[in-house]
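Here's the structure, in structure tokens; my notes come after.
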Amino acid sequence: MSFQASTPPASIVRKSKTGLAVVALVILFCGAGVVEWCGWPVYAALNAAVSVVFLGIVWRNRKTITWRRLPAWLVLLLLITALSVASTSWVAPDLTGAVTIWLVNYLLITLIAFGIVSTLVWSDFVRALGTALRWVLALSLIWELIGAITGGGKLFSPTPIAGLTGSPDLLGLLALVALGVFAAQLYDRTVWRSWGVVWIVMAVATLIASRTEATLVAFIVVGIATGFALWTRASSPLSRRGIYLVAAITVSLVGLALGLWAALFGDIAIITSWLVPRLPGGLVIALAFVLLCFGIMWRSWFIAVDRPQWDLDEQRPYTGASLIPLMTTAAVMAQGVGEFGSAFEAGWALVVILAVAVKTPQRITFPEVR
């Protein structure tokens, strides 16, 4: 008697990919915490193991991935960074070892993020992102609560909490992203209403408990971006010019305010603080990164304000999920104005995912397109 291996049902394969994405995102979101508590070797082993798995997945799906749709600025940024690291050995020999380790981590995170976004449809990614954020925020609050009960905890003190992430700035960023994701899921009715409200309350509580200056800046920026997007949605296409004029003035004023803050208090970092600005060609890396983020923001805006359309029907209702790229990009970019070194893994992974996702808007507006 011979046995033939049967192909698992598509639903099981789909759930498995989503579950793997949850595990990968949790590791990336808690990377700084893993390094702080367990050391670099443990984090490197986890990161390498997940990377190998996603490398296999990407290789297996290589024929279904549309490689020509990779964002040009993302590819250019990776190439420039790799070349900068390669030239470090004779420009800054003292940084060679540290920068090489950083580059390997940088490339592994890119591989994991690309593997997630290239093999999941948008609805599955949103589900995986929401699940990962729920685990990270819930366990972080439980961890801080246990610390407060046993003594020495920060949950009920004026000091910002860090949770499992190891950094208040990173925890605040994740709480802000989670607030947008949970609200979008509740709006789209992809979660139970009661649980959706519970998760939103948890995200708000975590946001308040983390309470860093960078988080406050990001919260304001995300609120402004989301407010303008909702205003644009509620307006007719012919009346959007006035909204864009008001938005341009508002962005200019916010930029001026941030500039004055940096001049007066001097504790706001550049957006590429986590891209090793001491590398040769650091200014070119910074420019490529800014242009990449600008491209993501530009595409995310029109995904958010235009109705989903893949045929002649122009009256489909707006979705909450189409706001997620805009809110998340605004949060990551605004967090980069503040201290962002501890949020490198999570921030860069989200940048890669969003860059690839918004390159094909149909992936977000038409849920089953990959």
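The values are calculated or read from the model by the stated rules, or taken from the named source; none is laboratory data. Bear in mind that the values here come from a model prediction, so they are computed numbers and not experimental data. Methodologically, a virtual Cβ is constructed for each residue, glycine included, from the backbone with ideal geometry; neighbour enumeration extends over all protein chains shown.
Here is how the numbers come out for the structure above:
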| item | result |
| --- | --- |
| Filtered residue count, the range 273-314, keeping only those that are modelled with pLDDT of 85 or more and part of a loop (DSSP other than H, G, I, E, B) | 1 |
| Residues located in the range 315-335, provided they are outside any helix (DSSP H, G or I) and either more than 14 Å from F302 (Cα to Cα) or in contact with a strand residue (DSSP E or B) (Cβ under 6 Å, 6 or more places away or on another chain) (or both) | Q315, R316, P317 |
| T81, sole failed condition from (1) surrounded by fewer than 17 Cβ atoms within 10 Å (Cβ to Cβ); (2) in contact (Cβ under 8 Å) with a residue 60 or more places away in the chain; (3) polar (S, T, N, Q) | (1) |
| Which listed residue is within 22 Å of V35 (Cβ to Cβ) and not aromatic (F, W, Y), from A184, A205, A162 | A162 |
| Residue within the range 68-81 that is at pLDDT 85 or above, more than 18 Å from A355 (Cβ to Cβ), touching a Leu at 6+ places or on another chain (Cβ under 8 Å) and assigned to a helix (DSSP H, G or I) present | no |
| Qualifying positions in the range 209-218 - under 20 Å from M333 (Cα atoms) and not polar (S, T, N, Q) | R211, E213, A214, L216, V217, A218 |
| Filtered residues of the range 28-39 (kept if farther than 17 Å from W348 by Cβ and either in contact (Cβ under 8 Å) with a residue 24 or more places away in the chain or surrounded by 13 or more Cβ atoms within 10 Å (Cβ to Cβ) (or both)) | E36, W37 |
| Within the range 59-75, considering residues that are more than 20 Å from the chain's Cα centre (by Cα) and touching a residue at least 40 places away in the same chain (Cβ under 8 Å), the one surrounded by the most Cβ atoms within 10 Å (Cβ to Cβ) | I65 |
| Test result for G196, on the phi > 0 side of the Ramachandran plot and either of a type outside the set (D, E, K, R) or surrounded by fewer than 17 Cβ atoms within 10 Å (Cβ to Cβ) (or both) | no |
| Residue within the range 232-246 that is crowded, with 17+ Cβ neighbours inside 10 Å, under 23 Å from L25 (Cβ atoms), β-branched (V, I, T) and in contact (Cβ under 8 Å) with a residue 12 or more places away in the chain present | no |
| Hits in the range 199-225 (condition: loosely packed, with under 15 Cβ neighbours inside 10 Å and without any contact (Cβ under 8 Å) to a residue 12 or more places away in the chain) | V201, I208, G223 |
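The rows are residues; the columns are (1) of a type in the set (S, T, N, Q); (2) farther than 19 Å from I324 by Cβ; (3) not in a helix (DSSP H, G or I).
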site: V181; (1), (2), (3): no, no, no
site: Y187; (1), (2), (3): no, no, no
site: V191; (1), (2), (3): no, no, yes
site: V201; (1), (2), (3): no, yes, no
site: L216; (1), (2), (3): no, yes, no
site: G223; (1), (2), (3): no, no, no
site: F228; (1), (2), (3): no, no, no
